[in-house]
Amino acid sequence: MLPVTRLILDQKSKKGLTWKSIAQQLGRSEAWTVSAAFGQAVLSEEEAAALARALDLEPESLQELQAIPYRGAIPEIPPRDPVLYRFYEILLVYGPAMKELIHEKFGDGIMSAIDFEWKIEKIPDPKGDRVRVELNGKFLAYRKW
């Protein structure tokens, strides 16, 4: 975790804020805002200023998040964190079926992780709340040349 991310998390906790409330101040989605705070998306100068205001930080303290990041910050594979491991497990178990359905429905190509959005939703359920994960990426066909 980046030191600036730790600073952001500390201030978020200290101020009792949610990612949704912070995202609203940036004019961005909750998912994108968290990604940016973890150094996986680039903040504009205006977004950094809005984040600094939301967290009572000096804008200069967020300068690192305005640079193009080295993406892909999971330090070990497989991940040891139980939440992250479950996503890894989902790919191990269901990945080949997901790939098969993508190819059947779209053809030979991939889902972009660049032209991409994601979100997490809490779905109340009497048997125990559910986690809904939505991944939404542009289809990119392999080209011939």
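The values are calculated or read from the model by the stated rules, or taken from the named source; none is laboratory data. Note that the coordinates shown come from a computational prediction; the quantities given were computed from them, not determined experimentally. Neighbour counts are summed over all protein chains in view; Cβ atoms, including those assigned to glycine, are modelled from backbone coordinates with ideal geometry.
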Against the definition (outside any helix (DSSP H, G or I) and either surrounded by 13 or more Cβ atoms within 10 Å (Cβ to Cβ) or under 16 Å from the mean Cα position of the chain (by Cα) (or both)), how does Q63 come out, yes or no? no
Could you go through the stretch 37-45 and let me know if any residue there is within 28 Å of V4 (Cα to Cα), loosely packed, with under 10 Cβ neighbours inside 10 Å and among the acidic types (D, E). no
Which of the residues belonging to the stretch 103-124 are more than 19 Å from W19 (Cα to Cα) and surrounded by 13 or more Cβ atoms within 10 Å (Cβ to Cβ)? F106, G109, I110, M111, A113
Spot the failing condition for I90; the list is (1) exposed (fewer than 10 other Cβ atoms within 10 Å of the Cβ); (2) among the aliphatic types (A, V, I, L, M); (3) over 30 Å from A48 (Cα atoms), and only one is missed. (1)
Any idea which residue in the stretch 93-110 is nearest to A141 (Cα to Cα), counting only those that are assigned to a helix (DSSP H, G or I) and β-branched (V, I, T)? I102
(1) modelled with pLDDT of 95 or more; (2) surrounded by fewer than 17 Cβ atoms within 10 Å (Cβ to Cβ); (3) within 22 Å of E117 (Cα to Cα); (4) of a type outside the set (G, A, S): which one isn't true of L7, the others all being true? (3)
If you go through I90, I68, the only one that is within 22 Å of the chain's Cα centre (by Cα) and at pLDDT 95 or above is I90
Test for E30: is it exposed (fewer than 11 other Cβ atoms within 10 Å of the Cβ) and either among the hydroxyl-bearing types (S, T, Y) or at pLDDT 95 or above (or both): no
Taking the stretch 8-57 and keeping residues hydrophobic (A, V, I, L, M, F, W, C), in a helix (DSSP H, G or I) and more than 18 Å from the chain's Cα centre (by Cα) leaves A49, A50, A52, A54, L55
